[in-house]
Amino acid sequence: MENTFIATGLLNAFTPTNLMFIVLGSAIGIVVGALPGLSATMALALLLPLTFSLPPETGLCMLASLYVSAMYGGSVAAILLRTPGTPAAAATVVDGFPMGARGEAGRALGISLSASLVGGILSGIALLLAAPLLGKLVLLFGPVELFAIAVLGITMIATLTKGSPIKGLLSGALGLLLAMVGMDATTGTARFTFDNINLYSGIPFTAALIGVFSIPQALSLAEQSRVKEEVANRINDRILPRLREFLQLLPNIVRSSGIGIVTGVIPGTGGDTASWFAYNEAKRFAKDKSQFGKGDPAGVAAPEAANNAVVGGALVPTIALGIPGSSSAAVLLGGLMVHGILPGPTLLTEYGEVTYTLIWAVILSNVPMFLLGLALMRVCICVTLVPKMVVALAIVALSVVGSFAINNNLFDVWLMAGFGVLGYIFDRARIPAAPMVIGLVLGFLLDSSLAQSLLMGFGSWSVFAKSPIALGLLLLALLSVLQATPLFRLLRRRPERRPGVQSL
Amino acid sequence: MNSTIVIGAASIALALLFRSRAHGLPADAVRLPSLLIWIVIGLAVLMIAEELLKRRKARQAAGASQSAEDEPLAPINWPVLGAFGAGALAYIALIPYAGYLVVTPVYLICGLWFSKTLSPAKAVAVGAVITAVIWGVFIWLLQLPIPLLPALN
């Protein structure tokens with residue numbers, strides 16, 4: 001069955017329309033990634049409404065290629081402006097900018113592009129191999145286990161995101177609470193709708209996604225509109241690395257890709273974590289560590305391979321379990337949900353053709369990313385200089401049009417604006433917005449699987465203790481919450497203190 | 001006022017509002033929401049306590065090195081934020097009456113002009129190009145239902 005899906009997915013991805021949208025997504029991704037301050041998640045959320053009138057496969061091909069290419073695009077601004085285009089490219093600045101400063105901007109961009117290509121392809125292959133294996137396992141799962149998976153997913157995302165775990169957990173819980181708005185699927189009762197007909201089908205998560213990920217970026221771009229970016233480095237040298245240099249960097253690129261894939265699989269950790277992790281490992285493995293920070297090519301290759309490898313890794317739990325591994329993966333899952341494809345085991349069975357088309361799009365989009373990356377390198381320099389106010393105003397216009405198109409309804413636009421303001425305050429309070437959005441996406445799965453589980457258990461919560469898998473997953477969820485508490489930190493510190501105490 | 005405390009207080013208020021609306025609903029329909037309401041209240045209280053504790057520690061150790069998370073954010077640029085926000089709200093409010101083809105270029109041109117980002121001529125050109133691109137992709141190509149010129153309907 002899987003082989004059929006794999007073959008159908010490949011054929012779907014190779015249709016002229018889908019290939020055209022893969023190329024279009026790659027071009028948009030590179031340009032958006034190159035714009036300082038814009039993230040891949042924002043671009044995905046803004047372009048999500050474009051997929052409404054497209055077949056699901058085509059829309060997902062475009063979103064997947066955009067996601068992959070934006071990861072590379074971030075390095076352009078990092079190398080040329082000393083400002084990472086995306087948060088995932090922050091580690092690239094350390095060695096990319098010094099390389100550019102000594103006249104090797106082209107070489108740095110070429111290394112970044114080659115490393116991104118290898119990282120992207122390896123992670124796509126890992127996704128293609130891992131998703132069916134996990135998918136087989138998930139077929140054994142019933143509502144009890146699905147509820148436990150959803151709980152584990154949300155707690156891991158909330159506690160592993162940067163900053164205070166309490167803030168992450170609150171963000172996730174708020175998302176889940178907001179997902180309770182609308183008709184209850186079991187009893188058919190309207191919950192928390194405040195007699196507003198627009199809320200009977202729940203809070204449209206597309207409006208929430210657009211608002212939370214786009215409006216805060218538009219507001220902060222407007223605030224910084226007086227700060228002018230200047231191109232510090234110019235491209236005057238050879239772009240693609242020579243074969244010998246590439247082969248020298250290859251072990252580092254492959255290791256960093258592995259780091260990216262594994263980091264991506266863990267919900268809540270994204271491209272920024274992976275790129276710093278890979279950078280540190282590249283430094284640790286290097287024979288001459290003194291060149292790191294002064295323009296070592298290995299310091300560009302490692303983070304760029306890792307952040308592109310995160311894409312495939314983050315999609316493993318998204319596709320196999322229905323739990324998005326990152327905020328970008330949550331938007332991609334949103335792209336499936338707008339077409340009525342719900343997260344869960346059916347992604348690899350009932351909707352296998354669509355899902356495998358997405359997987360192939362992740363692999364194939366690396367080719368246009370590489371070719372367009374080479375072709376658009378000099379265009380990207382102009383893109384990085386577009387005034388921030390132009391970008392901010394365009395984001396607002398796109399957000400309004402996109403959210404209006406969801407239901408042809410102004411209510412969704414106001415809702416999007418409300419979520420935008422909330423996202424901005426979240427940013428100021430350093431509360432991660434990703435767990436809230438993932439909570440909104442997973443709320444339905446959590447609610448329906450809980451209702452089904454309790455029906456199976458005749459209303460008793462002990463049904464979760466009777467399933468060893470569910471019990472194990474719920475204990476893991478509890479551990480992920482506990483490890484973020486001061487109590488756990490105290491327990492970890494205690495053995496370290498003992499020698500000191502003994503010496504006294 | 002501190003954004004964390006604002007969000008904490010707003011979360012508690014939202015949870016209590018949901019709790020008041022949960023009365024009278026079937027028990028099966030409010031099983032998970034009731035659980036989530038208490039989780040939200042508990043976490044919001046913890047977050048406020050954590051923030052107050054952090055502020056007290058910061059006052060006690062004034063001048064000590066700060067962690068990356070504690071590094072102060074750039075202050076809010078209230079005049080720009082206020083003007084930009086008001087422009088965006090006006091844009092949303094006017095779209096159903098004046099239509100996309102009128103409001104969008106006006107919003108973009110005024111935004112670029114008043115912020116002194118571009119000269120008037122360039123602002124008009126950029127506003128027209130962005131309006132045309134969004135119209136071309138979202139409305140002409142994908143046929144998404146946006147009110148273009150309601151006055152003509």
Quiz prompt | Test result for A:Ala115, within 13 Å of chain B (Cβ to nearest Cβ), in contact with an Asp or Glu (Cβ under 7 Å, 6 or more places away or on another chain), surrounded by 24 or more Cβ atoms within 10 Å (Cβ to Cβ) and touching a residue at least 24 places away in the same chain (Cβ under 8 Å) | solution = no
Exercise. Pick out the one residue from B:Pro145, B:Pro105, B:Pro72 that is closer than 30 Å to A:Asn409 by Cα and more than 9 Å from chain A (Cβ to nearest Cβ).
Key: B:Pro105
Practice problem: Sort out which residues of the stretch A:344-355 are crowded, with 17+ Cβ neighbours inside 10 Å and assigned to a loop (DSSP other than H, G, I, E, B), and write them in order of number. | Solution: A:Gly344, A:Tyr351
Quiz item: Out of B:Ile76, B:Ile139, which single residue is part of a helix (DSSP H, G or I) and either of a type in the set (D, E, K, R) or modelled with pLDDT under 95 (or both)?
Solution: B:Ile139
Quiz prompt | Residue in the stretch A:295-304 that is within 14 Å of chain B (Cβ to nearest Cβ) and either under 26 Å from the mean Cα position of the chain (by Cα) or surrounded by fewer than 20 Cβ atoms within 10 Å (Cβ to Cβ) (or both) present | solution = no
Self-check item: Qualifying positions in the stretch B:8-29 - surrounded by 14 or more Cβ atoms within 10 Å (Cβ to Cβ), more than 21 Å from the chain's Cα centre (by Cα) and at the interface with another protein chain (Cβ under 7 Å from one of its Cβ atoms)
Solution: B:Phe18, B:Arg21, B:Leu25, B:Asp28, B:Ala29
Exercise. Kindly list, by first and then second residue, each pair from a residue in the stretch A:194-222 that is at positive phi and surrounded by fewer than 24 Cβ atoms within 10 Å (Cβ to Cβ) to a residue that is aliphatic (A, V, I, L, M) and modelled with pLDDT of 90 or more, limited to pairs with Cβ atoms under 6 Å and residues at least 6 apart or on different chains.
Key: A:Gly202/A:Val181
Exercise. Filter the stretch A:26-74 for residues that are touching a residue at least 40 places away in the same chain (Cβ under 8 Å) and among the hydroxyl-bearing types (Ser, Thr, Tyr) and give the result.
Key: A:Ser26, A:Ser39, A:Thr41, A:Thr51, A:Thr58, A:Ser65, A:Tyr67, A:Ser69, A:Tyr72
Quiz item: Do any residues in the stretch A:156-180 that are facing chain B (nearest Cβ under 9 Å) have Cβ atoms under 7 Å from those of residues that are among the hydroxyl-bearing types (Ser, Thr, Tyr) and surrounded by fewer than 24 Cβ atoms within 10 Å (Cβ to Cβ), where the two are at least six apart or on different chains, and which pairs are they?
Solution: A:Leu170/B:Ser11; A:Leu174/B:Ser11
Exercise. Give the residues of the stretch A:63-101 that are of a type outside the set (A, V, I, L, M, F, W, C) and in contact with a Lys or Arg (Cβ under 9 Å, 6 or more places away or on another chain), sorted by residue number.
Key: A:Asp95, A:Gly96, A:Pro98, A:Gly100
Exercise. Determine, yes or no, whether B:Ala123 is facing another protein chain (nearest Cβ under 10 Å), in a helix (DSSP H, G or I) and over 23 Å from A:Met416 (Cβ atoms).
Key: yes
Practice problem: Tell me the helices (runs of 4 or more DSSP H) entirely within the stretch A:240-339 that contain at least 1 residues that are at pLDDT 90 or above. | Solution: A:243-265, A:271-285, A:297-321
Quiz item: What residue, of A:Ile363, A:Ile341, is touching a helix residue (DSSP H, G or I) at 6+ places or on another chain (Cβ under 6 Å), in contact (Cβ under 8 Å) with a residue 24 or more places away in the chain and surrounded by fewer than 23 Cβ atoms within 10 Å (Cβ to Cβ)?
Solution: A:Ile363
Quiz item: What is the one condition in (1) under 18 Å from the mean Cα position of the chain (by Cα); (2) outside any helix (DSSP H, G or I) that A:Leu140 does not satisfy?
Solution: (1)
Quiz prompt | Listing of helices (runs of 4 or more DSSP H) fully contained in the stretch A:381-494 that carry 3 or more residues being within 11 Å of another protein chain (Cβ to nearest Cβ) and closer than 29 Å to A:Ala78 by Cβ | solution = A:388-407, A:410-428
Quiz item: So is A:Leu24 surrounded by fewer than 24 Cβ atoms within 10 Å (Cβ to Cβ), at pLDDT 90 or above and within 14 Å of chain B (Cβ to nearest Cβ) or not?
Solution: yes
Quiz item: Name the pairs whose Cβ atoms lie under 7 Å apart, with the first residue in the stretch A:419-438 and more than 12 Å from A:Leu174 (Cα to Cα) and of a type outside the set (Phe, Trp, Tyr), the second at pLDDT below 90 and assigned to a loop (DSSP other than H, G, I, E, B), and 6 or more positions between them or separate chains?
Solution: A:Gly423/A:Ala433; A:Arg428/B:Leu73; A:Arg430/A:Gly163
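The values are calculated or read from the model by the stated rules, or taken from the named source; none is laboratory data. Since the model is a prediction, treat every value here as computed from it, not as a measurement. Methodologically, a virtual Cβ is constructed for each residue, glycine included, from the backbone with ideal geometry; neighbour enumeration extends over all protein chains shown.
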